[in-house]
Amino acid sequence: MATTETDARAAGLNPSAFSEIMPRLRKPIIVLGLVALWEAWVRLFDVPELLFPAFSDVLVALITGLGIGGEPILWAYTWQTLSVVLQAYVVSVVLAVVLTGFAINSAWGKELLSTVTGIFQPLPSIALLPMAVLWFGFSKESLIFVVVMSMVWPLAASLTVGFATVPPTLLRLGRNYELSRLGAMWHILLPSALPAMIGGLRVGWGFGWRTIVAAELVFGATGNDSGIGWYINNSRVFLQITEGFAGILVVVIIGFITESLFRVIQRFTTHRWGMEAA
C-alpha cells in the first residue's frame, strides 16, 4: 500500500483518489492485458488464421458484422437469440412466481415444488433438447422450452429462500390489514424477497444464456438457421474462423454486460434493503 501511494505521489496523483480509482481499473487492465497477449502471440508466432485469428482481425469482423461498414448479419442473428432468451425469461419468471406462490400457501404445493426442483435443477436442460425437438420440431418453441427449463428452477429456489426470510411481523401486518393471499403476495412477499429474487434472476439468466447458445449450436449442426449459435457453427463449416470468433466474442460481451448490470441492480437492492454483506 505504501508503495502504491508513493507511486501515486510520484505521478502527481492524490493517493486517496488513486486508491479509489485503482479497484475500478483492475478488470479493464486485466482484459487489455489478455487482449494484448492474444494479439502478440498470434503475430509473433505466425499462428495460422484458420487455427486462431488475431484479435484485431476478430474485432474488424465483429464491427463489420454489426453493420458498421458491412451488412449487419451478426447483429441479426444476435437479436434472434436475444429475443428467444427474453421470451423464455418472461415465461420463467411468471412460472417461478406462480409455483412459489402455490408452494407457500399449500403443503402439497411445497412438496410438489421441492420434488420437481430436485428432479430438474441438477439436470442439464440441454439434455431435454431431443425431446423438445420431438414435441415441437426444429422451431423457436423448442428453444424456448429448453431455456425455460434451465431458468425456472433457480428462480423458484431463490424465491422460496426469499419468501422464507420475510419477517413474520410483516405477515401479521398484512393480516391486520385483511390482505388476501394474492394481496399479501404482491404487497409484502415479493417486495421483501426482491434481493433474493434478483440473485435468482442473475443465476437464471446465466443458465439460460449458456443453454440457448448450446441449443443453437445443435440446431446449426442440423442446418437450421437459428441465432448466434448457428452463426458460429456455420462459420466453422465454411472455414470463416475469424467470423466464428467474432460470434464467440458477442456471446462473451453480452454475458459480461448482463452480469455487470445484475451486479449493479443487486448492489442497489441489498443497500436499499439494508442487506449489504460485511
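The values are calculated or read from the model by the stated rules, or taken from the named source; none is laboratory data. What you see is a predicted model, and the numbers here were worked out from it, not measured in a lab. Positions of Cβ are backbone-derived with ideal geometry, glycine not excepted, and every protein chain shown enters the neighbour counts.
Listed values, structure above:
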quantity	calculated
The range 46-98: number of residues that are assigned by TED's automatic domain parsing to the domain that holds I144, farther than 19 Å from T211 by Cα and aromatic (F, W, Y)	1
Any chance L190 is out of contact with any Phe, Trp or Tyr (no Cβ under 7 Å at 6 or more places or on another chain), assigned by TED's automatic domain parsing to the domain that holds L217 and within 20 Å of V203 (Cβ to Cβ)	yes
Subset of the range 81-97 [at pLDDT 90 or above and either closer than 11 Å to A156 by Cα or not aliphatic (A, V, I, L, M) (or both)]	T81, S83, Q87, Y89, S92, V93, V94, L95, A96
Some residue of the range 77-93 being more than 24 Å from the chain's Cα centre (by Cα) and without any contact (Cβ under 8 Å) to a residue 60 or more places away in the chain	no
Subset tally (residues that are surrounded by fewer than 16 Cβ atoms within 10 Å (Cβ to Cβ), free of Cβ contacts under 8 Å to residues at least 24 places away in the same chain and part of a loop (DSSP other than H, G, I, E, B)) for the range 133-184	5
Meets criteria (more than 21 Å from the chain's Cα centre (by Cα) and at pLDDT below 85) for R236	no
Residue that is nearest to V58 (Cα to Cα), among those in the range 252-269 that are of a type in the set (A, V, I, L, M, F, W, C), surrounded by 12 or more Cβ atoms within 10 Å (Cβ to Cβ) and without any contact (Cβ under 8 Å) to a residue 40 or more places away in the chain	I253
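For every residue, the table says whether it meets (1) under 12 Å from G101 (Cα atoms); (2) modelled with pLDDT of 75 or more; (3) among the basic types (K, R).
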position: G137; (1), (2), (3): no, yes, no
position: K140; (1), (2), (3): no, yes, yes
position: F145; (1), (2), (3): no, yes, no
position: M149; (1), (2), (3): no, yes, no
position: V152; (1), (2), (3): no, yes, no
position: L155; (1), (2), (3): no, yes, no
position: S158; (1), (2), (3): no, yes, no
position: Y177; (1), (2), (3): no, no, no
position: L182; (1), (2), (3): yes, no, no
